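The values are calculated or read from the model by the stated rules, or taken from the named source; none is laboratory data. Here the structure is a predicted model, which is why all the values come from computation and not from measurement. Because the Cβ atoms are built from the backbone with ideal geometry, glycine has one as well, and the counts that use them run over all protein chains shown.
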Amino acid sequence: MISPTLPAELKAALDGKLQGFSRTDAAQRSQKISTAYRAGGGSGMIKSEADALAYALARMPATYAAVAASLNALTEIAPDLTPETLLDVGAGPGTASWAAAEAFPSLQDFTLLDANATLSRLALELARDSTRLAECRYLPGDAGGNLAEASQADLVIASYIIGELSEADQRKLTEAMWAKARHALLVIEPGTPAGYRRILALRQQLIAQGAYVAAPCPHERPCPLIAPDWCHFSQRLPRSQAHRQIKGAEVPFEDERFIYVALTRTAPESRAARVLAPPDVGKAEITAKLCTGAGIALTKVPRRDRAAYADARRWRWGDAIMSES
């Protein structure tokens, strides 16, 4: 399991870039970028080095935390996965590549792809002195057009990218990413109903092509949740002083809501039920909402069953907790 906090090398590189950078200016730029994203825009408004730094300071910690949590879920279900090559689609400042390097010591070759030249320059500068990422390659151009030129990779990751595309382009990108994924594909989106629907569509499309779901689902059947309910998870991460300043936040932590799907070429050797919400810990019992191979289950663990109750007290939202046949 890897930590949800930025690795020391990345934090040091980012801190170095931020020397003398106005936090007030960064906060204003970050707010404009966030507003544009919420309105359905992409990374096109990030045009200057200052824009890229503001974006990285505001979003890199939370994005890293979500990718790290998703990678932890994948490695828990597929512990024998040892990728040597990575393709990071819509890489931005390289956040997912840093997380993958932490999760997989086996990775030796990193290829990043993004249309935003400003973010790609920042990614290469942040990776320049990294022991793992210094030799990474950054391919310019949009994911849809340039993905065809990329080589296959053992692991393909796309974080917070498919929501910037039309539905038709999402399907094309999904097809292209799966074609490039030699062993596994991991896609992460915001934990909103819209992000969930995008992940469901991608999941359905690739299951039809023979993909297996490693996480979070313990099956390849249609999602058993009924609207307005939707599947998503939350990762808490600490905020640095600079992060609090740029966010205008008082609390020293942030909760990033996200949804993901990890797909593999081979079926997982074991299945795990998934905790779909924070368990309700009562005096007499613990109640947990689980996604199982048989569907949604409200599992109740009585306090009198001391061993099971002690185990259930450790369950957290998003955890894989039991083997499925």
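Below is a table of values for the structure above.
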| quantity | calculated |
| --- | --- |
| Every residue from region 116-132 that is touching a helix residue (DSSP H, G or I) at 6+ places or on another chain (Cβ under 7 Å) and hydrophobic (A, V, I, L, M, F, W, C) | Leu119, Leu122, Leu126 |
| Test for Ser159: is it among the hydroxyl-bearing types (Ser, Thr, Tyr) and surrounded by fewer than 19 Cβ atoms within 10 Å (Cβ to Cβ) | no |
| Restricting region 198-230 to residues that are surrounded by 15 or more Cβ atoms within 10 Å (Cβ to Cβ) and basic (Lys, Arg), the residue that is nearest to Glu76 (Cα to Cα) | Arg203 |
| Scope region 181-206; condition assigned to a helix (DSSP H, G or I) and closer than 19 Å to Ala150 by Cβ; matching residues | Leu202, Leu206 |
| Residues of region 142-180 that turn out to be part of a loop (DSSP other than H, G, I, E, B) and within 22 Å of Val213 (Cα to Cα), as a count | 3 |
| Of residues in region 47-75 being among the polar types (S, T, N, Q) and in contact with a Leu (Cβ under 7 Å, 6 or more places away or on another chain), the one nearest to Pro216 (Cα to Cα) | Ser70 |
| Residues (charged (D, E, K, R), in a helix (DSSP H, G or I) and more than 20 Å from the chain's Cα centre (by Cα)) located in region 98-132 | Arg121, Glu125 |
| Unmet requirement for Ala242, which otherwise passes all of (1) among the small types (Gly, Ala, Ser); (2) part of a helix (DSSP H, G or I); (3) farther than 25 Å from Ala143 by Cβ; (4) at pLDDT 95 or above | (4) |
